[in-house]
Amino acid sequence: MALPQEKSYTYADLLEWNDGKRYELYNGQPVMMSPPLRQHQEISGEIYLQIGTYLKGKKCKVYHAPFSVRPFAADGDSPYDTDTLVEPDITVVCSSDKLDKYGCKGAPDLVVEILSPSTKQYDCLVKYKLYQQAGIQEYWIVDPDKKLVLVYTLVEGQYYVPEVYTARDSVPVGVLEDCAVDLTAVFPEE
């Protein structure tokens, strides 16, 4: 839910807010995040577990929300310089120089967003454009209701038609050689 805006904010402002709420920041405009539903957490946990197990002992790192990603931040930028901050459900970073005490500065290699009623519009429109503009190589949109995963891969700076995977498929992780996420575990039969 977007907050009424009278000014532009930075990540430094968010760090000072002690109201117990989580926010993302889009071009200086904060958006409050609602707590995820149980199904969202189960899906996120399973994807994180599978990718994390694959990455054990490797240089790439996987993080689950809350984990701050400042997709346009560069070396030397401070929280006062950052007006865009997101918290993807899952983030994979393969370059350790992009990691700092705040999270990830610059474009991670993979982000995964799990749709919920309160975030669907941001995930499918706002974040889609933001992740494409930031140069994030791979963007997954997970739809719990339809039990689908849409995988967008950056080609010459653009996301095109996604690869679509169903609950019976394994999704290859394009940025990680020989890694795949088994969707039968992500979307188990009830």
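The values are calculated or read from the model by the stated rules, or taken from the named source; none is laboratory data. Please read all numbers here as calculations on a predicted model, not as lab measurements. Ideal geometry is used to build each Cβ from the backbone, glycine not excepted, and the neighbour counts take in all protein chains shown. Heavy atoms of the whole protein, side chains included, go into the accessibility calculation; ligands, DNA and RNA do not. Shrake-Rupley method; radii C 1.70, N 1.55, O 1.52, S 1.80 Å.
Here are the numbers for the structure shown:
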| read-out | value |
| --- | --- |
| For residue 164, net neighbour charge (Lys/Arg +1, Asp/Glu -1) across residues whose Cβ lies under 14 Å away | 0 |
| Cysteines without a disulfide-compatible partner [the chain; Cβ-Cβ under 4.7 Å] | 104, 124, 179 |
| √(5λ) per eigenvalue of the Cα gyration tensor, segment 109-190, largest first, Å | 21, 17, 9 |
| Solvent-accessible heavy-atom area per residue, rounded to whole Å², over the chain at 1.4 Å | 54 Å² |
| Of 132, 121, 29, the one that fluctuates the most in a GNM where the chain has Cα springs shorter than 10 Å | 121 |
| Hydrodynamic radius by Kirkwood, which averages 1/r over all alpha carbon pairs of the chain, in angstrom | 17.0 Å |
| Estimated [θ] at 222 nm from DSSP helical runs (n ≥ 4, -39500 (n - 2.57)) normalised by residues in the chain, nearest 500 | -5500 deg cm²/dmol |
| Cut-off 10 Å between beta-carbons: net charge of the residues surrounding residue 152, Lys and Arg +1, Asp and Glu -1 | -2 |
| Local electrostatic count, residue 35, Cβ distance below 12 Å [Lys/Arg +1, Asp/Glu -1] | +3 |
| For segment 73-119: rounded, prolate or oblate by the Cα gyration tensor [a/c cutoff 1.5] | oblate |
| C-alpha center-to-center spacing [segment 20-69, segment 73-98] in angstrom | 14 Å |
| Residue with peak Gaussian network fluctuation, the chain [Cα springs, cutoff 10 Å], from 149, 164, 69 | 164 |
| Segments 102-113, 44-55 sorted - mean Cβ within 10 Å per residue, highest first | 102-113, 44-55 |
| Difference of contour (0.36 nm per residue) and Cα-Cα distance, residue 178 to residue 19 | 53.0 nm |
| Of 56/146; 56/129; 105/146; 98/147; 59/127; 21/58, those spanning more than 29 Å from alpha-carbon to alpha-carbon | 56/146; 56/129; 105/146; 98/147; 21/58 |
